[in-house]
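Some notes on the structure that comes next.
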Amino acid sequence: MGSEEVYWSEMEASIILPILKKKLAFLSGGKDRRSGLILTIPLCLEQTNMDELSVTLDYLLSIPSEKCKARGFTVIVDGRKSQWNVVKTVVLMLQNVVPAEVSLVCVVKPDEFWDKKVTHFCFWKEKDRLGFEVILVSANKLTRYIEPCQLTEDFGGSLTYDHMDWLNKRLVFEKFTKESTSLLDELALINNGSDKGNQQEKERSVDLNFLPSVDPETVLQTGHELLSELQQRRFNGSDGGVSWSPMDDELLAQPQVMKLLDSLREQYTRYQEVCRQRSKRTQLEEIQQKVMQVVNWLEGPGSEQLRAQWGIGDSIRASQALQQKHEEIESQHSEWFAVYVELNHQIAALLNAGDEEDLVELKSLQQQLSDVCYRQASQLEFRQNLLQAALEFHGVAQDLSQQLDGLLGMLCVDVAPADGASIQQTLKLLEEKLKSVDVGLQGLREKGQGLLDQISNQASWAYGKDVTIENKENVDHIQGVMEDMQLRKQRCEDMVDVRRLKMLQMVQLFKCEEDAAQAVEWLSELLDALLKTHIRLGDDAQETKVLLEKHRKFVDVAQSTYDYGRQLLQATVVLCQSLRCTSRSSGDTLPRLNRVWKQFTIASEERVHRLEMAIAFHSNAEKILQDCPEEPEAINDEEQFDEIEAVGKSLLDRLTVPVVYPDGTEQYFGSPSDMASTAEHIRDRMKLVSLKRQQLSHPEMVTTES
């Protein structure tokens, strides 16, 4: 070390920490006008332990470098709270502790002066023997010898000093120095041992595996933080005040800390490289061992497990059991595949490191591992796909079998629908089921063919094993299932054809019955219309003839409706005989049809009689009422008048008579008001005829009245 370096004290602060905490003396960081350090000894009211003070001074004076000591010290003895005898003892002790380094001793006197004669005489008397100047000064006069900025607040200065903060930093400083020195020795031993052991690496590997007693990262971090504190001069800084470090370039020995850090970084970098090489060698050996474990298991027990599994099962349950067994095999393989993935990552990391001596071996290991794992994974995937295809095939076969069972059950149940709509619905459901069976059979064929194709490729994964017997059993089973389903489907189709024909006949039967019932309803509506709306008899002969012609057409419509209903009922009889069932029409619809038709016939005949009488009445009345000179004789025929009157009365009487049906029920044409209106019109016409008769019989009465 040069003259600027710090001389480390053999005494550590941690050993005398209780004494240092008493603050018997301290270096505040301040300097006198000669750049000498200021050593402050604050005396207190209590008796000062001179031994502890001596230890404190020894420790403090061991901190600065020789160059710094050569500038001398200015010692401030604060005697304001102490007795003169104590002050004198301390001043005399300085001669033994730092005789050559003390330049000036400033004794700060209390407000109550000591005996000036005694004190002055004593210091003056001992001046030559002490070797340094001693002055007695009050606190406010210290600035004559020391600048205010170099004095602490206790003496009216502005320099900030925190003793506990300084002590804590000093402890950190010494701890770092001790740990870093020890760590450097250990790292040097490890690094040098590794270099010497390259020739006999295997024999020395155990000796080289020990670790440093402390964490290098922690020591480096502590050193950097310490250096940062030193460089920022903040050991005794305070918030908002002017900070001044007592451990500046000379006191805190920043160069020494930096040199230690540089040495640590250098040795630690070498140590990291040693650890990396050691780890790489260990990792390579572990990789080689694990690769062989993976390869040996996959080519041994793993392959044997796959060789023993070739069946596809003959049902869903059997295929699921095989799948479960295969999943157990896959689970065991997955553990080794996970090892493979990790090994592959480790090998890739080592390859990226670029160590040429290991590249060939690493690539060979990687290739061998990848080939075995990919081959085994492909075999597992092939087996899984085969079992999945078998499970899907058996699932489709089971669904199709259930559909055929349902269709057969539906065909075996006799059809007893309530109406044609339910038959249509049943027929539609039957067709849908048959179509679903067709789709299911087609799906079964596709699944079966796909499974057969996979089985034909199974030999390529047989590891040299003859799988002809297993394949033949699987193929025969698949083809047998498809043929059986085809036969069952054909039988169901034949039964569906028979059932379809029968149901279509039933639909036709219900349709005939419904149409026959509709014909009865139509005929009933025609009868109702005849009785309620066909009530007018006409105002004259011409109109009445038109009404009669319309009525005859109306009757023709009713006749056609009746004939249509009879034909439908005859058709139901034929269909019932074909279906061997009893129709409801023979006991219900046919009697209703005949009854309504009989009622309509009676009402229609009554309507015709009334219209014919009305025509005769209107025709004769119109002849008489017309003034016809060519036929005076006819007009004067009394018998003709009597006939008109008789017809009119007969017609009026008929209007009041209801239509009587065979069952004894009665029904009137129209409402009473309608009949009254028609009768009133006939009476008016009869009055006109009677008036005409009087005119012809007594012409003089008419003249007189005129």
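The values are calculated or read from the model by the stated rules, or taken from the named source; none is laboratory data. This structure is a prediction, so every number in the text was calculated from the model and none was measured. Neighbour counts run over all protein chains shown; Cβ positions are idealised from the backbone, glycine included. Surface areas here come from the heavy atoms of the whole protein model, side chains and all, with no ligands, DNA or RNA. Shrake-Rupley method; radii C 1.70, N 1.55, O 1.52, S 1.80 Å.
Scan the range 299-332 residue by residue and report those that are over 37 Å from the mean Cα position of the chain (by Cα) and open to solvent by 40 Å² or more (accessible area, probe 1.4 Å).
Passing the criteria: Glu299, Pro301, Glu304, Gln305, Arg307, Ala308, Asp314.
Among the candidates Glu217, Glu203, which residue alone is modelled with pLDDT under 70 and assigned to a helix (DSSP H, G or I)?
That would be Glu203, the only listed residue that is modelled with pLDDT under 70 and assigned to a helix (DSSP H, G or I).
Give the range 569-600 a look and list any residue that's outside any helix (DSSP H, G or I), at pLDDT below 75 and not small (Gly, Ala, Ser), or say none. Step through it out loud before you land on a result.
Within the range 569-600, the first condition is being outside any helix (DSSP H, G or I), and the residues that meet it are 580-584, 588.
From the residues that got through so far, the ones that are at pLDDT below 75 too are 580-584.
Listed by number, the residues that qualify are Arg580, Cys581, Thr582, Arg584.
Quick one: would you say Ala25 is at pLDDT 90 or above and over 16 Å from Ile146 (Cβ atoms)?
Yes; evaluated as a whole, the condition is true for this residue.
Against the condition in the same structural domain as Leu220 (by the TED database), at pLDDT below 80 and in contact with a helix residue (DSSP H, G or I) (Cβ under 8 Å, 6 or more places away or on another chain), how does Gln288 come out, does it pass?
When the stated conditions are applied, Gln288 does not pass them.
Confirm whether Ala13 is at pLDDT below 90, surrounded by 14 or more Cβ atoms within 10 Å (Cβ to Cβ), of a type in the set (A, V, I, L, M, F, W, C) and touching a Leu at 6+ places or on another chain (Cβ under 9 Å).
For Ala13, the condition - at pLDDT below 90, surrounded by 14 or more Cβ atoms within 10 Å (Cβ to Cβ), of a type in the set (A, V, I, L, M, F, W, C) and touching a Leu at 6+ places or on another chain (Cβ under 9 Å) - is met.
With the condition kept exactly as written, say whether any residue in the range 79-95 is open to solvent by less than 10 Å² (accessible area, probe 1.4 Å), at pLDDT 80 or above and part of a strand (DSSP E or B). Give the steps one after another, and end with the answer.
Residues of the range 79-95 that are open to solvent by less than 10 Å² (accessible area, probe 1.4 Å), as a first pass: 79, 87, 90-91, 94.
Checking which are at pLDDT 80 or above leaves us with 79, 87, 90-91, 94.
Of the ones still in play, those that are also part of a strand (DSSP E or B) are none.
The answer is no, given that none of the residues of the range 79-95 is open to solvent by less than 10 Å² (accessible area, probe 1.4 Å), at pLDDT 80 or above and part of a strand (DSSP E or B).
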